[in-house]
1. How many of the residues making up region 181-194 are more than 9 Å from the chain's Cα centre (by Cα) and part of a strand (DSSP E or B)?
2. Can you find a residue that is closer than 20 Å to residue 154 by Cβ, in the same structural domain as residue 181 (by TED's automatic domain parsing), in contact (Cβ under 8 Å) with a residue 12 or more places away in the chain and not in a helix (DSSP H, G or I) anywhere in region 103-112?
3. Where residues in region 47-73 are in contact with a helix residue (DSSP H, G or I) (Cβ under 7 Å, 6 or more places away or on another chain) and in a helix (DSSP H, G or I), which of them is surrounded by the most Cβ atoms within 10 Å (Cβ to Cβ)?
4. Cβ-Cβ under 6 Å, sequence separation 6+ or interchain: first residue in region 61-77 and within 16 Å of residue 206 (Cα to Cα), partner modelled with pLDDT of 95 or more and in a helix (DSSP H, G or I). Which pairs?
5. Tell me which residues, restricted to region 149-178, are out of contact with any helix residue (DSSP H, G or I) (no Cβ under 7 Å at 6 or more places or on another chain) and either in a strand (DSSP E or B) or surrounded by 15 or more Cβ atoms within 10 Å (Cβ to Cβ) (or both).
């Protein structure tokens, strides 16, 4: 049975659910998440398990009950490589927030509006993680989720961005079966039309941190050139416009937080040092 804590018992003594270090995210992978607001991991779920989950998805279980009624979906999130990634973000005892099996029917031509999920959140740096799991191949024409990389640090109130249509730099999450996309809860996203004659499924699990989110991943290479390049050069997006340097410092601030090292400075032109931050 799944070991994630229910919110109601989150303050009880935690169990030791830690995984081996080899399953934790590397510093470069965490830097990509901090920069992009998501981490897409392919082939993380075995094909046999994908097929079993997909069969469950086709049984008509209501979306809000799928997590409780499908043992196969729980098995997915008990895989050590999946638990290791979640541990890197949330600690050894993440807290269940909610889940849902999202379904886009065949030949549905309407898309969702751009939105961010439940940004009623006063936490300055802490974040929930939303895992989007694709149990079957989901090509672009089937309507996989559209996201805006780097948008997670520009907090918005649910559908306040719904008036936008296409944004420079947006990316559709085309996925093969067995892919899980781990997303910062603040990322802008929207479901897309399904132009095929096949129903499209994606399962979403949202988890809260079970402890302070500092130094939870493999921090061996946090000062590597690769990490510095990801935070500094790879994070600039055309859509950020005049705010690009502020966005840079926001991700540098988040990087310092998750690294657990308050001396790490990947800010714009080392402005943290100049400001004695």
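The values are calculated or read from the model by the stated rules, or taken from the named source; none is laboratory data. Just so you know, these numbers come straight off a predicted model, no measurement behind them. Heads up, the Cβs are rebuilt from the backbone with ideal geometry, glycines too, and the neighbour counts pull from every protein chain shown.
1. Going through region 181-194 one residue at a time, the tally reaches 3.
2. yes
3. Filtering region 47-73 for residues that are in contact with a helix residue (DSSP H, G or I) (Cβ under 7 Å, 6 or more places away or on another chain) and in a helix (DSSP H, G or I), the one surrounded by the most Cβ atoms within 10 Å (Cβ to Cβ) comes out as 53.
4. What qualifies is 73/53.
5. 151, 152, 154, 156, 161, 170, 171, 173, 175
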